Amino acid sequence: MSLWTLLKTSYLGLRANKLRSILTTLGIIIGVGTVISMVSIIDGMNKYVYSVLGDIGTKTVYVQKWKWIIIGGSQSKMRKLWREVSRRRDLTMDDVKAISHLEVVDRAAAFQPIFSGKAKYRSNSVDCNNVAGTDDQYIYISGYELDKGRNFIDQDIQLGRRVVILGSYIAKTLFEDEDPLGKSIVFKGHKFTVIGVLKPKGELMGNNLDDILLMPVTTARKFYYNPRWRPYRVWYSFRILVKFKDDVPMKAGMKMLENLLRVRRGLRFDQDDDFALNTSEMLLSAYKKLTSGIFIAMVGIASLALIVGGIGIMNIMLVSVTERTREIGIRMAVGAKRRDILYQFLFESIFLTTVGGLIGVFLGLVIAKAVDIATPLPASMPIWSVIVGLGFSSAVGLFFGIYPANKASKMDPIEALRYE
Amino acid sequence: MSLIKTVDLVKIYQLDGVEVPALRGVSIEIEEGEYVSIMGPSGSGKSTLMHILGCLDRPTSGQYFLERQDVSLLDEDSLAEIRKRKIGFVFQSFNLLPRITNLENVELPMTYAGVPSKERRRRALELLEKVGLKHRAYHRPTEISGGEAQRVAIARALANNPRIILADEPTGNLDTKTGEEIMNLFEELHSEGRTIIVVTHDPEVSERTKRIIRIRDGKIVE
């Protein structure tokens, strides 16, 4: 019997019981649909996260007092750890200088985050959420570009001048069509002169990158830094951004950096680092760990759905075989071998689940698209998920179809012909 | 040697551990081109004999030579092969598949014989024309009368051009007039040189055949 004839026979067999066929495949449809939509969403999330973290620059190292990711540990252990972190010595401007003199380092920038606050120019005001004291290196490391005006110069830093560089969003909100250069703004009670405006950079994970206000690090520490405030000792502590030269491997660079800081901070060989080198790669690997966990759980749920669906298929195929006993007898009488009958029913169940798989893939696509439109998650469908979805649904049809098909093929033709 | 020759066929069924003999030593010979009826009351073993002659079943003991080949020794696949190529069945209750068209029913044996679909279609239409039902080709068996259904069944039996037509009470479900038409069709096939074996309990049917083999209690009576 040719494949085409088999296909047609299966189709006719299933068409005879349309509703039943549809209900039976529902399990498969839902199972495959769930997997496909989840895979699409996770895949979209991955692509998004990778592009975002790529933007931050996986090559930038953040030298800080605390590690970004701390996994595990009891609550009391954590509390102890944070107390220890808050007692650590701050990094200093001298550290920045020393680091920038390292052979492997391309650039190093000082970064002193400040609590957000309101900036005012005449009657206009704006909430600045990302305020920091830096030096002339920062805008290069973090990928900003000057639109107008100038960068910080050494005197700005040494003298702690009251000058600011504004992100495009803040400049636009405060000055509208006016030229901000040389104008004075007020930020949290102190007067500053605008010396530069940055080019727009857009949005990242819901953060407006153009909502930024930069001032010399010395100015920031003089006016706003308060070491008695716990946040300034931990979350808002002074940090250093480091970028290695292009030909320097990340690992080697970090090793040099660590050694330098250990020496500068006078750590003995038996003492742990009292600082941390953070990279976005660490975030990436943590993210990967998390999503792979979700992925495995999903595969488990999906296989459960497919097994349940498969049992449904087996059940309905058994009913179908019994109902069509006479047909089996007739087919055998006109010359069908046991193998022909086996293939017929096996093909029918595979056909059923594969069509279910196809519908499921389509459904998953629709759900993924809907998520893509309705939420900020960009869903994208990897082609392998479609292939795996279809492959698995066919495999379920094959596996759960074997028993009923085998039963059909083992019938006695005489008995089968007599069946009413 | 004859087309069909059986030697001492015995068939014993096991029913709840009790042995029930259906055939107790049947020896018959049927020549190529004969038109024979096998006649007997119900329970005589005529159906069992027909199943064995049609290669749907195997005897418990004894031999069955079909075209000089001892088919009582063959495995199931080989029996299926013989059913496909050498035997055409006509049943009392027509046994057409209700979901497919008459044409496709006639094509069915050819699909298992691996005849290409164009050839299949052509030959099936030819056969339907022969039994006078070309105009019903694209109807389903449920949409035609019993007499017509039986003629479709005969067309199906002829599909792979078998040497033997085995008919089991072919007029049993039909009224007298249509029954006669079916018998006329068999006569026509017989005149073309085909071997026809009709199993029946109806004397009116058996009278129209050239030879009657009577069976009673699993034995040939004359």
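The values are calculated or read from the model by the stated rules, or taken from the named source; none is laboratory data. This is a predicted model, so every value here is computed, not measured. FYI the Cβ positions are ideal-geometry reconstructions off the backbone, even for glycines, and counts take in every protein chain you see. Side chains included, ligands, DNA and RNA excluded: accessible areas come from the protein's heavy atoms. Shrake-Rupley method; radii C 1.70, N 1.55, O 1.52, S 1.80 Å.
In this structure, does A:D179 turn out to be assigned by TED's automatic domain parsing to the domain that holds A:T193, surrounded by fewer than 18 Cβ atoms within 10 Å (Cβ to Cβ) and outside any loop (DSSP other than H, G, I, E, B)? No. Residues that are in a strand (DSSP E or B) and in contact with a helix residue (DSSP H, G or I) (Cβ under 7 Å, 6 or more places away or on another chain): does segment A:12-29 have at least one? There is no residue in segment A:12-29 that is in a strand (DSSP E or B) and in contact with a helix residue (DSSP H, G or I) (Cβ under 7 Å, 6 or more places away or on another chain). Is it the case that A:S349 is open to solvent by less than 10 Å² (accessible area, probe 1.4 Å) and either within 14 Å of chain B (Cβ to nearest Cβ) or over 30 Å from B:K86 (Cα atoms) (or both)? It is true that A:S349 is open to solvent by less than 10 Å² (accessible area, probe 1.4 Å) and either within 14 Å of chain B (Cβ to nearest Cβ) or over 30 Å from B:K86 (Cα atoms) (or both).
Every condition in (1) in a helix (DSSP H, G or I); (2) within 14 Å of chain A (Cβ to nearest Cβ); (3) closer than 18 Å to A:R326 by Cα holds for B:E119 except the one numbered (3).
Yes/no matrix, rows are residues, columns are (1) over 35 Å from the mean Cα position of the chain (by Cα); (2) modelled with pLDDT of 95 or more; (3) surrounded by fewer than 21 Cβ atoms within 10 Å (Cβ to Cβ); (4) under 30 Å from A:E84 (Cα atoms):
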site: A:E145; (1), (2), (3), (4): no, no, yes, no
site: A:Q158; (1), (2), (3), (4): yes, no, yes, no
site: A:T173; (1), (2), (3), (4): no, no, yes, no
site: A:S184; (1), (2), (3), (4): yes, no, yes, no
site: A:H190; (1), (2), (3), (4): yes, no, yes, no
site: A:F223; (1), (2), (3), (4): yes, no, yes, yes
site: A:P227; (1), (2), (3), (4): yes, no, yes, yes
site: A:R233; (1), (2), (3), (4): no, no, yes, yes
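Across segment A:300-318, the number of residues qualifying as surrounded by 14 or more Cβ atoms within 10 Å (Cβ to Cβ) and either more than 35 Å from the chain's Cα centre (by Cα) or outside the structural domain of A:K410 (by TED's automatic domain parsing) (or both) comes to 6. Residues considered: A:Y121, A:Y169. Of these, the only one that is over 17 Å from A:K243 (Cα atoms), open to solvent by 20 Å² or more (accessible area, probe 1.4 Å) and of a type in the set (F, W, Y) is A:Y169. Would you pick out the residues in segment B:52-71 that are surrounded by 21 or more Cβ atoms within 10 Å (Cβ to Cβ) and not aliphatic (A, V, I, L, M)? Of everything in segment B:52-71, those that are surrounded by 21 or more Cβ atoms within 10 Å (Cβ to Cβ) and not aliphatic (A, V, I, L, M) turn out to be B:G54, B:C55, B:P59, B:Y64.
In the set (1) open to solvent by 60 Å² or more (accessible area, probe 1.4 Å); (2) away from every other protein chain (no Cβ under 14 Å), the condition left unmet by A:Y343 is number (2). Residues that are open to solvent by less than 10 Å² (accessible area, probe 1.4 Å) and polar (S, T, N, Q) are absent from segment B:7-30.
On inspection, B:V106 passes the criterion of being closer than 13 Å to A:R331 by Cα and among the aliphatic types (A, V, I, L, M).
Checking A:A408, A:A379 one by one, the residue that is over 45 Å from the mean Cα position of the chain (by Cα), away from chain B (no Cβ under 14 Å) and open to solvent by less than 80 Å² (accessible area, probe 1.4 Å) is A:A408 and no other. Scanning segment A:291-339 for residues that are among the small types (G, A, S), part of a helix (DSSP H, G or I) and closer than 30 Å to B:R156 by Cβ yields A:S320, A:G329, A:A333. Per the listing A:R20, A:R107, A:R83, the residue uniquely outside the structural domain of A:M256 (by TED's automatic domain parsing) and open to solvent by 70 Å² or more (accessible area, probe 1.4 Å) is A:R83. Note on segment B:80-103: among residues that are among the charged types (D, E, K, R) and within 9 Å of chain A (Cβ to nearest Cβ), the one that is nearest to the chain's Cα centre (by Cα) is B:R83. The single residue among B:L174, B:L74, B:L127 that is under 25 Å from A:L342 (Cα atoms) and not polar (S, T, N, Q) turns out to be B:L74.
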